[in-house]
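To start, the structure itself, in structure tokens.
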Amino acid sequence: MAERPEDDADIEKRMTKMSGDLFAPSFAGEHLRVEGAEIEYFRDFLSVAVRDATMAELIRCVPWGAEKLVVWGKEFDQPRLIAWYGDSEKRYTYSGIKLEPLPWTSLLLDVRRRVQTITKNTFNSVLLNYYRDNRDSMGMHSDDERELGIRPVIASISIGEKRTFVMKHKRRLDLKPVRLPLESGSLLLMKGDTQRNWKHGIEKEKRPCGPRINLTFRSIVC
Ligand SMILES: O=C(O)CCC(=O)C(=O)O
Ligand SMILES: [Mn+2]
């Protein structure tokens, strides 16, 4: 029998069950204690069936782009593939790369609905990152571009290989870097002063590893 797609009530029920009596009846993620940051982690945000189907469809259907980066006047391939989707006019520029939004697909609208249900936030765009293997990575940065506004809320979903999300405080050298292994199907929610105080990135891995897709839902405000 074909599986019935999850609706908002199903998602809330599953998250409530997952977080146990401690958080019931309102479902909540795990609050991570990181000084000067507001971060929640929802481990099983996407069920196994949904995450596998989503990964396969994204790899197959997204027009993945290989962007160029200029460092000290020299051109390099960005070490991953990307795509930018969003409401029309929601352009995004980072590291000198100007992105025009692709129109939402029904799959991305479905994922956005799930994210909005859990986070009680709205998002008008999403950046997709495709890490093909252990050599793909993302340099340390903050999601603090002017168009994201002050205290941006960023909802980051990971599917596929577990990769380490590293955070380093921008000024407090006494604080140790934070290392978060982001599991497949998880949602990491960054809020408050997280972007003002911390940088983050994805390291290359020495061990061989399979593909990973990350989706960061954002709101372009100007
Ligand atoms: O892949 C990740 O988990 C990080 C993605 C990220 O930081 C970004 O897209 O700005
Ligand atoms: Mn980022």
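All of ILE97, ILE118 fail the test of being modelled with pLDDT under 95 and within 26 Å of ARG135 (Cβ to Cβ), apart from ILE97. Taking the stretch 69-152 and the strands (runs of 3 or more DSSP E) fully enclosed by it, the elements with 1 or more residues that are within 13 Å of ligand 2 (Cβ to nearest atom) and touching a residue at least 60 places away in the same chain (Cβ under 8 Å) are at 92-94, 125-131, 138-141.
Taken over the stretch 155-169, residues that are farther than 19 Å from GLN78 by Cβ and either away from ligand 2 (no atom under 15 Å from the Cβ) or crowded, with 18+ Cβ neighbours inside 10 Å (or both) amount to 6.
Kindly establish whether ASP52 is assigned to a loop (DSSP other than H, G, I, E, B), more than 22 Å from GLU203 (Cα to Cα) and either touching an Asp or Glu at 6+ places or on another chain (Cβ under 6 Å) or of a type outside the set (Gly, Ala, Ser) (or both). No; evaluated as a whole, the condition is false for this residue.
Checking each residue in the stretch 153-163 for being aliphatic (A, V, I, L, M) and either within 11 Å of ligand 1 (Cβ to nearest atom) or not in a loop (DSSP other than H, G, I, E, B) (or both) picks out ILE154, ALA155, ILE157, ILE159.
On the stretch given as the stretch 164-176, residues that are outside any strand (DSSP E or B) and either without any contact (Cβ under 8 Å) to a residue 12 or more places away in the chain or within 11 Å of ligand 1 (Cβ to nearest atom) (or both) total 3. Of everything listed in (1) acidic (Asp, Glu); (2) buried (at least 17 other Cβ atoms within 10 Å of the Cβ); (3) more than 13 Å from ligand 1 (Cβ to nearest atom), the single unmet condition for ASP136 is (3).
Residue by residue, here is whether (1) closer than 20 Å to LEU109 by Cβ; (2) among the small types (Gly, Ala, Ser); (3) within 11 Å of ligand 1 (Cβ to nearest atom); (4) in a strand (DSSP E or B) holds:
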| position | (1), (2), (3), (4) |
| --- | --- |
| LEU180 | no, no, yes, yes |
| LEU188 | no, no, yes, yes |
| LYS204 | no, no, no, no |
| ASN214 | yes, no, yes, yes |
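Out of ILE202, ILE150, one residue alone is closer than 26 Å to ARG112 by Cβ and touching a strand residue (DSSP E or B) at 6+ places or on another chain (Cβ under 8 Å). It is ILE202. Residues that are closer than 21 Å to ASP136 by Cα, away from ligand 2 (no atom under 12 Å from the Cβ) and surrounded by fewer than 18 Cβ atoms within 10 Å (Cβ to Cβ) do occur in the stretch 211-219.
May I ask you to say which residue of PRO5, PRO79, PRO25 is at pLDDT 90 or above and of a type outside the set (A, V, I, L, M, F, W, C)? Give the steps one after another, and end with the answer.
On the way: PRO5 fails: at pLDDT 90 or above; PRO25 fails: at pLDDT 90 or above.
Within the list PRO5, PRO79, PRO25, the selection yields PRO79.
On the stretch given as the stretch 190-201, residues that are outside any strand (DSSP E or B) and away from ligand 2 (no atom under 13 Å from the Cβ) total 4.
Can you find a residue that is closer than 30 Å to GLU205 by Cβ, out of contact with any Lys or Arg (no Cβ under 8 Å at 6 or more places or on another chain) and at pLDDT below 85 anywhere in the stretch 84-91? No, the stretch 84-91 contains no residue that is closer than 30 Å to GLU205 by Cβ, out of contact with any Lys or Arg (no Cβ under 8 Å at 6 or more places or on another chain) and at pLDDT below 85.
The values are calculated or read from the model by the stated rules, or taken from the named source; none is laboratory data. Predicted model only: the values in this text are computed from it and were never measured. Ideal geometry is used to build each Cβ from the backbone, glycine not excepted, and the neighbour counts take in all protein chains shown.
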